[in-house]
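What follows is a set of notes on a single structure, which appears directly below.
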Amino acid sequence: MIRPILFYPDKRLREPGKEVEVFDAELHQLIEDMAETMYAAPGVGLAAPQLGISKRLFIVDVASDDEEPSDLRVFINPEIIAAEGESVFNEGCLSFPGIREDIDRAERITVKAFDRDGKPFELEAEGLLAIVIQHETDHLSGELMIDHLSVLRRRLVHRA
Ligand code: ZN
């Protein structure tokens, strides 16, 4: 089921997500709905708070359209435990339709998280995958892409 995506400045986007404690069928249904919603948008990442669901959970698929199969990854209760280097990428966000901004991020990261069955894993990522993971992790603490912009630039986005 495709669920409606919240748009900035919806206040629910600012609520920090709660840790996921139960890895049950309801959670799996939510992950399925999130994937359907992300692919329909289309987008390369989607965090539960963007659907008004206050959970520390996001999904990512950075495979390009013509790449088969897709590369859906699920991150539950994620934590970025190492970050190095710098990279600037022109980011978009499904909660900011039509807006793209250059954002500074780390170039390489190590993230630890749980998969959909509650199994812990650790992943080293770089390039687009690293950027999307950082962007989506921000959503889980109520942080948004525009928080990385200068005050002046943020005002311009507000007016757009
Ligand atoms: Zn976003």
**Message:** Which residue is most open to solvent (accessible area, probe 1.4 Å), if the candidates are limited to the stretch 134-152 and must be of a type outside the set (Ser, Thr, Tyr) and in contact with a strand residue (DSSP E or B) (Cβ under 7 Å, 6 or more places away or on another chain)?
**Reply:** His148
**Request:** Could you grab me the full set of residues in the stretch 81-133 that are in contact with a strand residue (DSSP E or B) (Cβ under 7 Å, 6 or more places away or on another chain), closer than 17 Å to Ala47 by Cβ, within 13 Å of the ligand (Cβ to nearest atom) and not in a strand (DSSP E or B)?
**Result:** Leu94, Ile131, Val132, Ile133
**Asked** Name the residues in the stretch 52-73 that are of a type outside the set (D, E, K, R) and surrounded by fewer than 20 Cβ atoms within 10 Å (Cβ to Cβ), would you?
**Response** Gly52, Ile53, Ser54, Val62, Ala63, Ser64, Pro69, Ser70, Leu72
**Prompt:** Taking the stretch 19-38 as the region of interest, how many residues are open to solvent by 100 Å² or more (accessible area, probe 1.4 Å) and either hydroxyl-bearing (Ser, Thr, Tyr) or in a helix (DSSP H, G or I) (or both)?
**Reply:** 2
**Prompt:** Of all residues in the stretch 94-115, which are buried (at least 20 other Cβ atoms within 10 Å of the Cβ) and either without any contact (Cβ under 8 Å) to a residue 60 or more places away in the chain or over 19 Å from Leu51 (Cβ atoms) (or both)?
**Reply:** Ile103, Arg105, Ile109, Val111, Ala113
**Request:** Please work out if Leu123 is within 18 Å of the chain's Cα centre (by Cα), over 15 Å from Gly92 (Cα atoms) and open to solvent by 20 Å² or more (accessible area, probe 1.4 Å).
**Result:** yes
**Request:** Would you point out which residue out of Pro16, Pro49, Pro78 is closer than 13 Å to Thr137 by Cβ, open to solvent by less than 10 Å² (accessible area, probe 1.4 Å) and not in a strand (DSSP E or B)?
**Result:** Pro49
**Prompt:** Which residue pairs have Cβ atoms under 7 Å apart, sit 6 or more places apart or on different chains, and have a first residue in the stretch 134-149 that is within 10 Å of the ligand (Cβ to nearest atom) and a second that is among the aliphatic types (A, V, I, L, M) and assigned to a loop (DSSP other than H, G, I, E, B)?
**Reply:** Asp138/Leu144
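The values are calculated or read from the model by the stated rules, or taken from the named source; none is laboratory data. Remember, it's a predicted structure, so these values are computed and weren't measured experimentally. In this analysis, Cβ positions are derived from the backbone assuming ideal geometry, glycine residues included, and neighbour counts consider all displayed protein chains. These area figures cover heavy atoms from the full protein model, side chains too; ligands, DNA and RNA do not enter into them. Shrake-Rupley method; radii C 1.70, N 1.55, O 1.52, S 1.80 Å.
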